[in-house]
1. Which residues does the label zone of LEU11 cover in the range 46-65, counting backbone N under 20 Å from a point 7 Å along Cα→Cβ?
2. By how many nm would the segment from PHE206 to LEU50 grow when fully extended, if each residue of separation counts as 0.36 nm and the alpha-carbon distance is taken off?
3. Two decimals is fine: what's Rg over Rh for the chain, C-alpha atoms, Kirkwood radius as Rh?
4. In debye to the nearest 20, how big a dipole does the chain give about its Cα centre with +1 on each Lys and Arg Cβ and -1 on each Asp and Glu Cβ?
5. Based on DSSP H assignment, which helices of the chain show an axial Cα extent of at least 27 Å together with a mean Kyte-Doolittle hydropathy greater than or equal to 0.0?
6. Work from the charge dipole of the range 49-182 (Cβ charges, +1 for Lys and Arg, -1 for Asp and Glu, about the Cα centre) and give the residue of VAL158, LEU79, ALA181 farthest towards its positive end.
7. Hey, how many Å between the Cα centroid of the range 119-137 and the Cα centroid of the range 1-68?
8. Stretch LEU114-THR60 to full length: gain in nm at 0.36 nm per residue minus the Cα-Cα span?
Amino acid sequence: MELRQRSIPALFVLLWATGFIGARYAMPWAEPFTFLAARFVLAFAILGCLALVMRTGPITRREIVHSLTAGALMHGIYLGGVFWAIRHGMPAGLSALIVGLQPLITAVLAGSFLGEKILPRHWIGLAAGLAGVVIVLAPKLGDLGAGVTLATLGASVVAVIGMSAGTIWQKRFATAGNMIAGTCWQYAGAAAIMIAGSLAFETRQFTLNGELVFAMAWLVLVLSIGAIFLLMVMIRDGEMSKVASLFYLVPATTAVIAWILFGEDLSLIQIGGMALATLGVRLATARAPAPPPQ
């Protein structure tokens with residue numbers, strides 16, 4: 001049991017990092033809000049069927065409302081903002097760097113709303129993790145281009161605030177109920193946000209091809225179900241500041257995957273940044289030493 005619990009963070013980081021690869025395959029063929037609306041509806045349907053088969057039992061109206069709210073923030077606002085910004089020209093590296101602020105924002109919110117005590121070594125770890133992310137992404141920031149506007153910057157900032165607020169909401173209000181049913185309703189909340197965005201701002205046209213189908217299947221099954229369940233387990237069982245620090249490892253993991261799949265450059269300096277980010281996460285998630293036996 002302990003080995004399985006210890007493997008959850010590493011598996012989560014690996015799966016979460018593949019989401020950026022899936023987005024790379026999908027975005028040329030579909031508008032962001034339309035694509036995400038379809039993704040969330042599919043995830044809602046799959047989890048709804050799973051809940052019926054497993055007979056997870058009833059969920060209270062209060063739990064549904066909290067799950068809808070957490071899902072709208074964690075999935076709808078977060079992914080909607082990131083996908084929209086990248087679609088409108090924001091370099092993926094800069095978007096990832098802004099999203100890299102999420103652990104620090106979450107740590108501040110966790111102290112204010114959850115009463116978590118953040119020790120000095122945790123702040124040092126969070127700062128070191130952010131520095132590592134900057135080093136990993138620095139080569140991708142050389143040519144920012146015309147896509148860096150107040151609109152795309154604003155969308156990226158709103159996205160990271162949405163993710164931080166959503167995880168705090170989930171931790172405070174939505175961890176007591178059944179995980180399958182709760183996650184199912186999360187996607188209902190996220191789908192509502194994306195459907196509204198699609199109807200208001202997009203044409204809802206897409207090109208159906210192998211890349212789009214693969215990206216949708218991967219993002220629904222591996223990310224929206226597999227990775228999110230792992231995240232829910234960690235939120236339920238751990239401190240939010242420590243769980244959030246794992247997001248520092250995502251850009252480095254994505255860079256390695258992109259190097260393997262697409263032949264993107266990976267320098268020694270970037271590898272050093274990965275090591276620094278890993279050290280930061282280690283410091284931020286370190287457990288306090290057990291008191292000596294009396």
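1. Label zone hits: 47, 50-51, 54.
2. 53.3 nm
3. Reported Rg/Rh, Kirkwood definition of Rh: 0.96.
4. Details: 18 positive and 11 negative charges, 151 e Å.
In total the dipole reaches around 720 debye.
5. In the chain, the long hydrophobic H runs are 2-26, 32-54, 150-173, 179-201.
6. Looking along the dipole axis, the top candidate is ALA181.
7. 28
8. Separation in residues times 0.36 nm, less the Cα-Cα distance, equals 17.2 nm.
Each reported figure results from applying straightforward, stated rules to the coordinates on display, with no laboratory input. Note that the structure is predicted; figures quoted are calculated from it, not measured. Reconstructed Cβ throughout: ideal geometry from the backbone, glycine too, with neighbour counts over all protein chains shown.
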